Amino acid sequence: MKFAKFVLGILAAPIVGFVALGHALNWRKLPTAQADAALVFGTGVEWKARARCTMAAQLF
């Protein structure tokens, strides 16, 4: 039982590290100047497309 917990800890540590790194690198700085155009890249998920269009409209 102790060995299984050890192996699980060894396998989970890099995953947790990569997730934390992804969150740390995701701090975006939005542009301060008004844009003349906005590019919205497509997605197959409706809520993502809506969120992207909303953000593009706010930035525009």
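The values are calculated or read from the model by the stated rules, or taken from the named source; none is laboratory data. None of the values given here were measured: they were computed from a predicted structure. Don't worry about glycine lacking a Cβ; one is built from the backbone with ideal geometry, like all the others, and counts go over all protein chains shown.
Sort out which residues of the stretch 2-44 are surrounded by 10 or more Cβ atoms within 10 Å (Cβ to Cβ) and part of a loop (DSSP other than H, G, I, E, B), and write them in order of number.
ALA35, ALA38, VAL40, THR43
Within the stretch 35-60, track down each residue that is charged (D, E, K, R) and touching a residue at least 12 places away in the same chain (Cβ under 8 Å).
Scanning the stretch 35-60 gives a single hit, ARG52.
Taking THR54 and the conditions (1) in a loop (DSSP other than H, G, I, E, B); (2) hydroxyl-bearing (Ser, Thr, Tyr); (3) at pLDDT 85 or above, which numbered condition does it fall short on, given that it satisfies the others?
With (1) in a loop (DSSP other than H, G, I, E, B); (2) hydroxyl-bearing (Ser, Thr, Tyr); (3) at pLDDT 85 or above applied to THR54, the lone miss is (1).
May I ask you to say which residue of TRP27, TRP47 is at pLDDT below 85 and aromatic (Phe, Trp, Tyr)? Show your work before the answer.
Values: TRP47 fails: at pLDDT below 85.
Testing whether each residue is at pLDDT below 85 and aromatic (Phe, Trp, Tyr) leaves just TRP27.
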